[in-house]
């Protein structure tokens, strides 16, 4: 039981919660879970993120109880890398969307 309250174990639980929440939301966007649902689309995507996060959070407690401390530390680094990757993907998609919007907003000069 002491093992669950070590800093690496607590960090593992927190990282798994955040990473799998983001992965769940990206997955819902990938399968177009909220497409054509109007205002409910955002809630559906959020629900997918919460389901992924809840399952991963519960699984993280079982993993911290079963794994040795060094493997938990390695998994923390893996989850941190996944967190950076999901942030990078999301940021890249945002920049591309903004660039496309700026190109649409530029007025085209007509020749006379």
**Message:** Considering only the range 51-73, I want to know if a residue exists there that is closer than 21 Å to residue 90 by Cα, out of contact with any strand residue (DSSP E or B) (no Cβ under 9 Å at 6 or more places or on another chain) and not in a helix (DSSP H, G or I).
**Reply:** no
**Residues located in the range 16-39, provided they are under 16 Å from the mean Cα position of the chain (by Cα), over 16 Å from residue 81 (Cβ atoms) and crowded, with 19+ Cβ neighbours inside 10 Å** = 21, 24, 25, 28
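For the range 33-50, name all the residues that are touching a helix residue (DSSP H, G or I) at 6+ places or on another chain (Cβ under 9 Å), farther than 30 Å from residue 76 by Cβ and not in a helix (DSSP H, G or I).
Narrowing the range 33-50 to residues touching a helix residue (DSSP H, G or I) at 6+ places or on another chain (Cβ under 9 Å): 33-35, 37, 44-50.
So of that shortlist, the ones also farther than 30 Å from residue 76 by Cβ come out as 34-35, 37, 44.
34, 35, 37 - these are the residues of the range 33-50 that are touching a helix residue (DSSP H, G or I) at 6+ places or on another chain (Cβ under 9 Å), farther than 30 Å from residue 76 by Cβ and not in a helix (DSSP H, G or I).
More than 16 Å from residue 87 (Cβ to Cβ) and either surrounded by fewer than 16 Cβ atoms within 10 Å (Cβ to Cβ) or touching a strand residue (DSSP E or B) at 6+ places or on another chain (Cβ under 9 Å) (or both): does that describe residue 42? Let's see the steps before the verdict.
Details: more than 16 Å from residue 87 (Cβ to Cβ): yes; either surrounded by fewer than 16 Cβ atoms within 10 Å (Cβ to Cβ) or touching a strand residue (DSSP E or B) at 6+ places or on another chain (Cβ under 9 Å) (or both): yes.
So residue 42 passes the test.
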**Asked** From the residues in the range 1-15 that are without any contact (Cβ under 8 Å) to a residue 60 or more places away in the chain and closer than 20 Å to residue 82 by Cβ, which one is nearest to the chain's Cα centre (by Cα)?
**Response** 14
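None of the figures in this text is laboratory data; all of them are computed from the coordinates on show. Remember, predicted model here, so these are calculated numbers, not experimental data. With ideal geometry, Cβ positions are generated from the backbone for all residues, glycine too; neighbour counts draw on all protein chains shown.
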